[in-house]
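Below is one structure, written out as structure tokens; the observations come after it.
The values are calculated or read from the model by the stated rules, or taken from the named source; none is laboratory data. Bear in mind that the values here come from a model prediction, so they are computed numbers and not experimental data. In this analysis, Cβ positions are derived from the backbone assuming ideal geometry, glycine residues included, and neighbour counts consider all displayed protein chains. Side chains are part of the model used for accessible areas, which takes the heavy atoms of the whole protein and leaves out ligands, DNA and RNA. Shrake-Rupley method; radii C 1.70, N 1.55, O 1.52, S 1.80 Å.
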Amino acid sequence: MSQTPDKPRVLVGVTGGIGAYKSCELVRLLQRRGFSVKVVMTEAATRFVSALTFRTLTGEPVATSLWADEAESRVHHVSLAEEADVMTIVPCTANVIAKLAHGRADDMLTTTALATEAPLVIAPAMNTHMWRKDVTQRNVAALRARGVVFVEPGTGELACGDVGEGRLADVALIADAIEAEARRSRDLAGVRVLVTAGGTEEPIDPVRFIGNRSSGKTGFAIAEEAARRGARVSLVTGPTHLGDPYGCEVVRVRTALEMRAAVLARFDAADVLIMTAAVADFRPAAFAAEKIKKHEAPDAVPLERNPDILAELGERQSGVLLIGFAAETTDVVGNAREKLRAKRLDMVVANDVSDPALGFGTEANRVHIITPDAEEALPVLDKRVIARELLDRVASRLTPQKER
Ligand code: CTP
């Protein structure tokens, strides 16, 4: 490969719009800013600018088709997807936005976009009416909710002769957005992050337990995002239906006591602990080894307190960045701030669970991020976007730690 491995790698996707010629300028600008650049084009894009132009600019083969066997196209979408630090699509048509919003992958560009774990920056360009259409805006919102960054089109004269919104954003602004994502994609390199997720189950007998409604989605999203940004992640999770996030050590536990043991065993090797788990505060005082029959059901199940894992670690004043979650229905900020103080935490993410459309089991949430000297209210966001926002704040508080 002719590319220098320590340069951030950006994959520029070009779709079929007149703005395609500006992608040539973008490629040059990104190279001047220290990126190594490869290009993937849709078939329609090649009608506006030839693959040879990009090949000449980048010195790399340009991917245009999943099938063609000429050297130009003998590039594998999976390797393109894996090696990119950032993928961008400039210009991006309404059609490609719609395909991405629905997970379609019917050519080299959309297949690569679906396969990549890299952040995606999209700069749309189209006729004003197409951009404003409800269906396009819904597709944009769906992609935004999944963490895709949009560089909004500007207003001006369009290729169709209209004047209005839909013009490709300024190339320098697009390059700025790509640079910001590239920085983010490495900002946790070498940091050891310990995440807990899900709810614990406290057994009454072999088939019954006391549990709660935590789905684990927020913790899994945080673990996955941290790993993507270069952190070494251990995820300790209670029972959940979610599959292992890519690139993390996953420890599956059941009870609060098992979770405590798994967290304690890893705490000394961590730089950050993010406790999203809904740890049961109580467990049945006795466990019946045999299933309790209806006719012998007790009138009450005596409970005893579980240890508070986070409070115990807060006591240690260890220097590990401690982040707790707080599920609240009333006085969200006040209650969360009290937890921050009582458990000696660096940050609490207060989870507003009063709205049944948000929180447990759903894809979105509205959170407040509280530190000893500040508080921020975030809007309703997809849990993956909340993960990104939280880790942005974690990254800015850490001096990146190298191997100890
Ligand atoms: N936590 C813990 N160990 C427990 C209980 C909670 O480590 N036994 C952690 C959770 O993972 C979360 C934070 O502490 O990060 C939540 O604190 P907690 O006071 O338990 O919050 P709530 O459950 O919301 O408390 P309350 O029921 O008092 O509102």
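Remarks
- For the pair segment 143-210 / segment 222-289, the C-alpha centres are spaced 24 Å from each other.
- Computed on the chain, with alpha-carbon pairs under 8 angstrom and 6+ residues apart, the relative contact order is 11 percent.
- Segment 192-403 - accessible surface per residue (Å², probe 1.4 Å): 49
- Note on segment 308-333 and segment 1-54: Cα centroid distance 46 Å, given to the nearest whole angstrom.
- Solvent-accessible heavy-atom area per residue, rounded to whole Å², over segment 9-116 at 1.4 Å: 41
- Shown are Lys38, Lys294, whose ranking by accessible area with a 1.4 Å probe and every protein chain present, most to least, is Lys294, Lys38.
- Loop-located chymotrypsin sites (Phe, Trp or Tyr not before Pro) in segment 194-269 (DSSP state other than H, G, I, E, B) with a sparse environment of at most 15 neighbouring Cβ atoms within 10 Å: Tyr246.
- Degrees between helix 332-342 axis and first principal axis of the chain (Cα, 0 to 90, nearest 10): 60
- The 1.4 Å probe gives accessible areas that order Lys293, Lys7, Lys22, largest first, as Lys293, Lys7, Lys22.
- Net length gained if the chain between Phe287 and Arg213 were fully extended (0.36 nm per residue, minus Cα distance): 24.4 nm
- Antiparallel bridges, percent of DSSP beta bridges restricted to the chain (to nearest 5): 30
- The number of Lys pairs in the chain with C-alpha atoms less than 17 Å apart, excluding pairs fewer than 8 positions apart on the same chain, is 4.
- Spin-label pair Arg305/Asp331, simplified geometry with 7 Å Cα→Cβ offset, distance in nm: 2.1
- Solvent-accessible area assigned to carbon and sulfur over segment 258-403 amounts to 51 percent, based on a 1.4 Å probe.
- Charge sum, other residues only, whose C-beta stays under 11 Å from Arg33's C-beta, Lys/Arg counted +1 and Asp/Glu -1: +1
- These residues, Cys92, Cys248, go from largest to smallest accessible area, 1.4 Å probe, as Cys248, Cys92.
- Neighbourhood charge, 14 Å Cβ-Cβ cut-off, centred on Val151 and excluding it, Lys, Arg +1 and Asp, Glu -1: -3
- Counting only protein heavy atoms and a probe of 1.4 Å, the accessible surface of segment 9-185 is 52% carbon and sulfur.
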